[in-house]
Each structure stands twice: as structure tokens, then as C-alpha cells.
Amino acid sequence: MVGIIGGSGVYDIPWLEDAVELISENEYGEAKLKKGHVGTIEVVFLARHGKTHSIQPAVINYRANIKALYDSGARNVFSTYAVGAINPKYRPGDFAILGQFIDFTWGRNGTFHDRPGSVVHTDMSEPYSRKLSGLLKNSLQELGQHFYEDQVYICTQGPRFETPAEIKAYSIIGADVVGMTGCPEVALAREFGMNFASLAVITNFAAGVSSTLVSHQEVLDIFSARMETVSEILRLSCIGISAI
Ligand code: HPA
């Protein structure tokens, strides 16, 4: 079973065959899933922000989502994000495969090991799976897309965008792209030992990187212009699972 977590702009997977919707309940809450397959590969899809983009980054139930994917049998997960470019050389519309994260969020439930007596420190040397990232890379190359590999993603709390001073600081500490939902999602998946890889669409220049202001509409517009390609990258990458 392959899991897909769709971010901004990805509220459905059109190529999912024999798709059925279901609600998965666990001790953390409930998650809406869509299960189907592509050829012989079983796929389960979850829209992180809900189908109508009604759940803002800080209140997403990341634990319920990851546990629901785990319970449905997903051990390999692809996730998508809209991100702002901190690096001024990047262009909106380009893709990024994530390699590391810096977590600037606060107050989110970031572990499954929060019960008294349960002390577990999960290794985060390689948060994103090389094998799955390799599948994303193959798919991007097959489709002739421009992309950046091994990107450092900084996760901010949102829902507001950043100030130019914050973005300058994030640039100095090594971030390439910025988003609001990558953390704690990937760390939670790693706590369950799931392989996780992330495809980001660069939707805008982060605050202060260009002279234009950052708008959510711009983020959604650029993302929807790339949506068909995102969907195809995910399809090819899911099919590629059978070879690894
Ligand atoms: N900042 C934070 N999150 C984002 C951005 C941004 O500029 N663009 C898309 N998601």
C-alpha cells in the first residue's frame, strides 16, 4: 500500500482506480481516506487540508492522519507541498524534492511517544527516503520537469506568511524553501518507520525575495497550473514502487 498526502491544491487523485472513500478512526481522531489502486499497486490518499481546504496548518491532526495511513497498510508515503522560494535563483512553477527540514513550528503534537514512560528518540539523519525520492526524481525527469534535489525545507507556523526579515534569517541558517505543513508530518511518519518522500511545488518567491507581495491566491493559481503534472509525477512514482 502506498500512501499519498495531498497538500494545497491536491484534493483528489484522478487516476485512482476503483476508488472508495472511507473514514479511519484511531486514538488521535479521524481521517478521511480514499483507497484505490493504479494497476497492481494499492494506493491510499488523504487530503491534508480537507477536500475544501478548510483546515489550516497549525490545526491539522497530523497524528490522526499518519496513524490512519499506517493502519491502512501504507509503508511508503509521498506527500506534496506548496512552498515559497527562499533562494532567489528558483522560479515559481519549478519542483523541489525535500532532503532535510528545519522545524520552526510550535504547539503541534509532534510525537506518538508522549505517554509517561515512553521515551523514544527517533533518528532524523535522513528524514526523507532516498529510494522514494529517487522515484520522484525519475518521474520528474521522465516528464522533463525542472527541479531541485535535496532541498532544505523550513516549516513555519502560519497561517500568516513570513516577514522579509524572517526569510532573510531562514536563508542564513540554510533553508531553501518555506512551507507550513511539512512538520511534524514527516517526523511522525518516521516514528512509525514509514518511508516518506516529499514533492514540493515552488509557488512563489518568499517574502522579500522579490518585490511582489505573497498571496495565497498566487500560491493556489501556480499550484493549479502544475496540478496535472503533480498528479502524473505521483502516478509514475507509485507505479515505480514495484521496482524497489
Ligand atoms: N511561505 C510559507 N508557506 C508557503 C509559502 C510561503 O511563501 N508559499 C507556499 N506555502
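Below are the figures for this structure:
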quantity: Residue of VAL77, VAL214, VAL120 that the Gaussian network model of the chain assigns the largest fluctuation, springs spanning Cα pairs under 10 Å; calculated: VAL120
quantity: Residue with peak Gaussian network fluctuation, the chain [Cα springs, cutoff 10 Å], from GLY117, GLY193, GLY107; calculated: GLY117
quantity: For the chain: lysine pairs under 16 Å (alpha-carbon distance), excluding those fewer than 8 apart on one chain; calculated: 7
quantity: 14 Å reach of a label modelled at THR163, 7 Å along Cα-to-Cβ, counting backbone N of region 203-235; calculated: 207-208
quantity: Mean separation of Cα contacts under 8 Å, 6 or more apart, over the residue count of region 81-221: relative contact order %; calculated: 46
quantity: Added length on full extension, which subtracts the Cα-Cα distance from 0.36 nm per residue, ARG115 to THR40; calculated: 23.1 nm
quantity: Value of Rg/Rh across the chain [Cα atoms, Kirkwood radius]; calculated: 0.94
quantity: Whole-Hz couplings from phi, Karplus 6.51/-1.76/1.60, listed for region 95-102; x for Gly and Pro; calculated: 10, 9, 9, 7, x, 8, 10, 10
quantity: Region 166-183-region 193-236 distance, computed between alpha-carbon centres (Å); calculated: 15
quantity: Karplus (6.51, -1.76, 1.60) ³J(HN,Hα), θ = phi - 60°, over region 10-19, in Hz, Gly and Pro reported as x; calculated: 10, 10, 7, 10, x, 8, 5, 8, 6, 6
quantity: Convex hull projection area averaged over all views, region 1-124, Cα basis, nm²; calculated: 9.5
quantity: The chain: most fluctuating residue of ASP114, ASP150, ASP221 per GNM, C-alpha cutoff 10 Å; calculated: ASP114
quantity: Under-5 Å amide H pairs with PHE205, H placed in peptide plane, nonlocal only; calculated: ALA85
quantity: Of the GluC sites (Glu not before Pro) in region 1-82, those whose Cβ has at most 14 other Cβ within 10 Å and which sit in DSSP loop; calculated: GLU27
quantity: Point-charge dipole on Cβ atoms (K/R +1, D/E -1) for region 1-137, about Cα centre, debye to 20; calculated: 400
quantity: Stretchable slack from SER54 to ASP150, in nm (0.36 nm times residue separation minus alpha-carbon distance); calculated: 31.5 nm
quantity: Average accessible area per residue (Å²) across the chain - probe 1.4 Å, nucleic acids and ligands excluded; calculated: 45
quantity: At R0 = 51 Å, FRET efficiency that the Cβ-Cβ distance of ASP71 and SER211 yields, to 0.05; calculated: 0.60
quantity: The chain - percent of accessible surface contributed by carbon and sulfur, probe 1.4 Å; calculated: 52
quantity: Electrostatic dipole magnitude of the chain [Cβ: Lys, Arg +1; Asp, Glu -1; Cα centre; debye, to 20]; calculated: 180
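The values are calculated or read from the model by the stated rules, or taken from the named source; none is laboratory data. This is a predicted model, so every value here is computed, not measured. Reconstructed Cβ throughout: ideal geometry from the backbone, glycine too, with neighbour counts over all protein chains shown. Side chains included, ligands, DNA and RNA excluded: accessible areas come from the protein's heavy atoms. Shrake-Rupley method; radii C 1.70, N 1.55, O 1.52, S 1.80 Å.
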